[in-house]
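**Q** Supplied in structure tokens, the structure appears directly below.
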Amino acid sequence: MVFRVFLLSLFLFIVELYAFQALKTLIKLKWVLTAYQILSAIALVFIVYSFTQFDRSIGQTKQTMFTMGMLLVIYVPKIILCLIMLGEDIFRIGSGSARYFINNENFEFLNSRRKFVSQIGLGLAAIPFASLIYGITVGKYNYKVIKQRIYFPDLPEEFDGFKITQISDVHSGSFDNPEKISYAIDLVNEQDSDMILFTGDIVNTHAKEMYPWIETFNKIKEHKYGKYAVLGNHDYGEYVTWATEADKEANFKAIKSLYGQIGFQLMLNEHTYIEKGKDKLALIGVENWGHNFKKAGDINKAAAGVNQEDFKILMSHDPSHWDYEIKNHEKHFHLTLAGHTHGMQFGIEIPGYFKWSLAQYIYAQWAGLYENLGRYVYVNRGFGFHAYPGRVGIMPEITVIELKKGDNVA
């Protein structure tokens, strides 16, 4: 821990040196530069100190989220600025070396820093700075209703036009604005879907995080064909150190109970049939299965007794489950609903044209709809937020999926 804090401090110190060089190139007022150095030193000491105070027996708190937000807001722009200034230094050293070998005479090896480079660096750094501030103040509650129509040639006739609302990754321990959460619940109810599915992560770690929000989430209206849920990786309480195994188990039991307290039927490696008129479809719910996270999900147990010809909807929190086990499974799961990635809560998205996030370098399926041989997975971008207390570009999502009978057209 001490060594990691030392490396973080050293890295941030180097970033600060380069950021100061850029400022010094543009600003000549000594008092402004002194004030900048003092404020930067205070911020650096606060961030390093806060990380040293992290208590693994408690886990994420409002304080740790504030610190993470502060770290990103201050240092992501400065890192960009640092890279610009480092690039200039590489050019200055290369230019000086060339002049030395060509001229072989006395001269100033390093040219002075160029003002316009610092101006470009500060201009580019201002973009993530403003974006991260926006993400914290506005973006984290900027809920989007995303509607997706999916066609299946073997969809039972009675389910043509059947609507499913999906929410995922609530992370109630991060919430700090009851009015915004109530607004989001109203949006959920406005969709007037046939069924609502919740694909896990009701809390960050502790069951008590959800207690202030139970009444609000109980306002999610009854849906004609039910309210179902599965567990996410955070619901197992595995990201903190527990005093005893009994404490951990009691918390896990309480978390499972939360889903029932807000009116959702929790599915633990099991299935049920949804009947509509003369037709039915199989709804399957597995516990968390992640390639890099807890593997409690058992698809074979959950789908035992489900017939090959049944139309199947699977709830599985982590989309890596679809990638590694589901998309080529012999039982042919038509549609899988997942979450987990949050789209990294940071990216660029122009609906229908372009989307990018660091999440795509970790997960093959990270936001939206994906298909393989007529089998689909939809990855919800998440209802809440975690670690970074904001969202930039990848907004919180309420998904409405309409099932349609017909050719495979996304």
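Readers should treat all values here as calculations from the given coordinates under stated rules, not as data from a laboratory. Worth saying up front: this structure is predicted, and the values here are computed from it rather than measured. Quick reminder, even Gly has a Cβ in these numbers, built from the backbone with ideal geometry, and neighbours come from all protein chains shown.
**Q** If neighbour count is taken as other Cβ atoms inside 10 Å, put Phe6, Phe198 in order from fewest to most.
**A** So the ranking, lowest neighbour count to highest, is Phe6, Phe198.
**Q** Got the relative contact order for the chain handy, in percent, Cα pairs under 8 Å and 6 or more residues apart?
**A** 21
**Q** What list of ³J(HN,Hα) values in whole Hz, one per residue of segment 154-160 in order, does the Karplus curve 6.51 cos²θ - 1.76 cosθ + 1.60 (θ = phi - 60°) give from phi, with Gly and Pro shown as x?
**A** The phi angles translate into 9, 5, x, 3, 5, 9, 5 Hz.
**Q** Provide Rg and Dmax in Å for segment 113-171, with only Cα atoms included in the calculation.
**A** 22.5, 71
**Q** Among Trp31, Trp322, Trp213, Trp356, rank each residue by its count of other Cβ atoms within 10 Å, from fewest to most, as a rough exposure measure.
**A** Going from least to most buried by this count: Trp31, Trp356, Trp213, Trp322.
**Q** Shape call for segment 212-276 from the C-alpha gyration tensor, a ≥ b ≥ c root eigenvalues: rounded (a/c under 1.5), prolate (a/b greater than b/c) or oblate?
**A** Oblate shape, in that a/c is at least 1.5 and b/c is the bigger or equal ratio.
**Q** With a cut-off of 8 Å between alpha carbons and a minimum separation of six or more residues, what is the relative contact order of segment 2-137 in percent?
**A** With pairs under 8 Å counted, the relative contact order is 34 percent.
**Q** Still on this structure: Check cross-link reach from Lys248 to the lysines: straight Cα distance under 30 Å, and skip same-chain residues fewer than eight apart.
**A** Candidates past the 8-residue exclusion: Lys62, Lys140, Lys208, Lys219, Lys227, Lys256, Lys294, Lys295, Lys301.
**Q** Using the Karplus equation 6.51 cos²θ - 1.76 cosθ + 1.60 (θ = phi - 60°), what ³J(HN,Hα) coupling, rounded to whole Hz, does each residue of segment 45-51 give in order, writing x for Gly and Pro?
**A** Rounded to whole hertz, the list is 4, 4, 5, 5, 4, 4, 5.
**Q** So how do Tyr376, Tyr141 line up by other beta-carbon neighbours within 10 Å, fewest first?
**A** Ranked by crowding around the Cβ, least crowded first: Tyr141, Tyr376.
**Q** Continuing with the same structure: Classify segment 251-410 as rounded, prolate or oblate from the Cα gyration tensor: take a ≥ b ≥ c as the square roots of its eigenvalues, call it rounded if a/c is under 1.5, otherwise prolate when a/b beats b/c and oblate if not.
**A** oblate
**Q** Subtracting the Cα-Cα distance from 0.36 nm times the residue separation, let me have the gained length for Tyr49 to Leu358 in nm, one decimal.
**A** Contour length minus Cα-Cα distance gives 108.5 nm.
**Q** Pick out which of Ile74, Ile255, Ile120 has the largest mean-square fluctuation in a Gaussian network model of the chain, springs linking Cα atoms closer than 10 Å.
**A** With Cα springs under 10 Å in the chain, the top fluctuation among Ile74, Ile255, Ile120 is at Ile120.
**Q** Given axes a ≥ b ≥ c from the Cα gyration tensor, I'd like to know whether segment 2-137 is rounded (a/c under 1.5), prolate (a/b larger than b/c) or oblate.
**A** prolate
**Q** From the helices alone, meaning DSSP H stretches of at least four residues, give me the mean residue ellipticity at 222 nm for the chain, per-run term -39500 (n - 2.57), in deg cm²/dmol to the nearest 500.
**A** -12500 deg cm²/dmol
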